[in-house]
1. Specify the angular offset, from 0 to 90 degrees and rounded to the nearest 10, of the alpha carbon long axis of helix A:90-104 from the longest principal axis of the alpha carbons in chain A.
2. Once each part is reduced to its C-alpha centroid, what is the distance from region B:248-327 to region B:32-67 in angstrom?
3. Please list, by residue number, everything in region B:241-283 whose backbone N is under 19 Å from a paramagnetic label point 7 Å out along Cα→Cβ of residue A:233.
4. Starting from the Cα of residue A:343, move 7 Å in the Cα-to-Cβ direction to define the label point; list residues of region A:287-316 whose amide nitrogen is under 19 Å from there.
5. Using the beta-carbon distance between residue B:200 and residue B:104 and R0 = 25 Å, what value does 1/(1 + (r/R0)^6) give for FRET efficiency, to the nearest 0.05?
6. Comparing A:322, A:301, A:174, which has the greatest mean-square fluctuation in the GNM of chain A with Cα pairs linked when under 10 Å apart?
7. On average, how many beta carbons from a partner chain sit within 10 Å of the beta carbon of a residue in A:58-64?
8. Can you tell me the orientation of helix B:4-32 relative to chain B, as the angle in degrees between its alpha-carbon axis and the longest Cα principal axis, to the nearest 10?
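Since every read-out is calculated from the coordinates, none of them should be taken as a lab result. All of these numbers come straight from a predicted model, not from anything done at the bench. Here the Cβ positions follow ideal geometry from the backbone for every residue, glycine too, while neighbour counts run over all protein chains shown.
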């Protein structure tokens, strides 16, 4: 039986840091600064990094991923080597990761810090990657004696506004958990005021991963489950409102969506928890996934309300909400009022 | 007669050993008895040399008796809040110690005896218990464990101060006064027990019912006491998040204990990993943390949407981070 990865069981054993400078594509006059050994990790900092990883993977930005066999990124090989060597190959393999990151970055990418961790989750080996992106300054200094970065400096960077974004990936040997995915990733903005678009560059190009499930299928499942959930309400006006909300949400100009965001933005609090439990039963996750409306495009463009007397009202996106006034009557029926010119009858 | 110098020499040699054993046993009891969802007061003492000599002399006057016969050179005392806790402590003692003899003194007391006394166990450490394995040198040391209620303890201390020894020494009028006092202590224990039982079953005050359900579990994991006033306030606040949804409240009351039991390993790990961080994660030192974890699992939106009105958002984030999530 597949085991659930429980992030509360994460233990951080070893940690190593490499610094990746900003550079133009093909400009190798600058080089990454590699640690030659793991950084020393006092208990307080061990706890700090564990909590940062847990918080990231608990966030709405968390996404289950698989290695894409068609991707040329060698990072999965390095990760697997760290996992299978019980973290013994952490130094060598993490340097290769940093080298690859440096090679694929171009002038568009800001300077970054790559933190690689070997540890355990559910008592089994895991490799955790944290990438910090900095817009400016605050260069880390490599200790010439230990040939490693001071991990406290990394913590300080994560707590200041100098680091705008950090990305986290946690990977395991999926066969030992009998699961279908290789890991879990999250893109986070440390400063919520930052409007920078979070791309999938880290997941796709660097890690060489794709979402566990095809976004077309996930989006359709989200639509189908949510629609079925909405139909469980007795109140037709609430059903109409939530259906319009779902259609609007799916047609918003965003690349990623989530059941959590839909619930937060549109549902009443007590309905949110019922929705959460409903999706939990269906094993559908609340966190974010890439949106692809291909399979549902036709369904979300119109809304149809059919009455018991066989009269139906069909409205296009946005028009229903604006032009149809619904009112509950004491006998349990609903009054629908449309004030407009008749355009056609057929 | 007792050879005083022999006792002095023997005790000079033995006292430090019994002192060490006292530390080991009392620390074990304090740490382990919380698994039985109790948090009693635990004390130990080694006997004073003078008391040893006096006791040996006194016993020798009645029968053949020597220093070696003394079983209370080390005395451990466990003081419980309620009478019903005594049975739980007895179970704990039987499971973790080699019990040589038991005396439930109250059962053997004539109705007209002026006393209100505790349960006594002559015991040795059980070396199969993990925590005692490395203390096998103490395997044959016998000591006494006294288990009593707070009222038995209060009676015992007061009676000791009054220094009366035998009922026959007292005039009838005074004897009657002592009887009346004694009955108050016994009655108090009975009444505390029945109030405790009634409050546990009292469903109308849902906040209190919930706290009583959480308390024992909290002792088990946190191994410390908590602030009841804060708990009652917090629980009441959180329960109000359900507004009129009485079904959800009832469901919570019915399933909170099984939630804790189902997640026992996880909760134990969280407490073990963070035992020295109570000062920075204050919620770990209050039983309502179980309620918050339950809510995060079963009513995440209800708690998140309301939390900021009453508490600090960072606290919820901290509690949530401790719990983690399933990927």
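1. Value to nearest ten degrees: 60.
2. Here the answer is 43 Å between Cα centres.
3. In region B:241-283, the label zone of residue A:233 (backbone N under 19 Å from the point 7 Å along Cα→Cβ) covers B:243-245.
4. A:298-306, A:312-316
5. Result of the calculation: an efficiency of 0.50.
6. So, out of A:322, A:301, A:174, the one fluctuating most is A:322.
7. That average works out to 2.
8. 20 degrees
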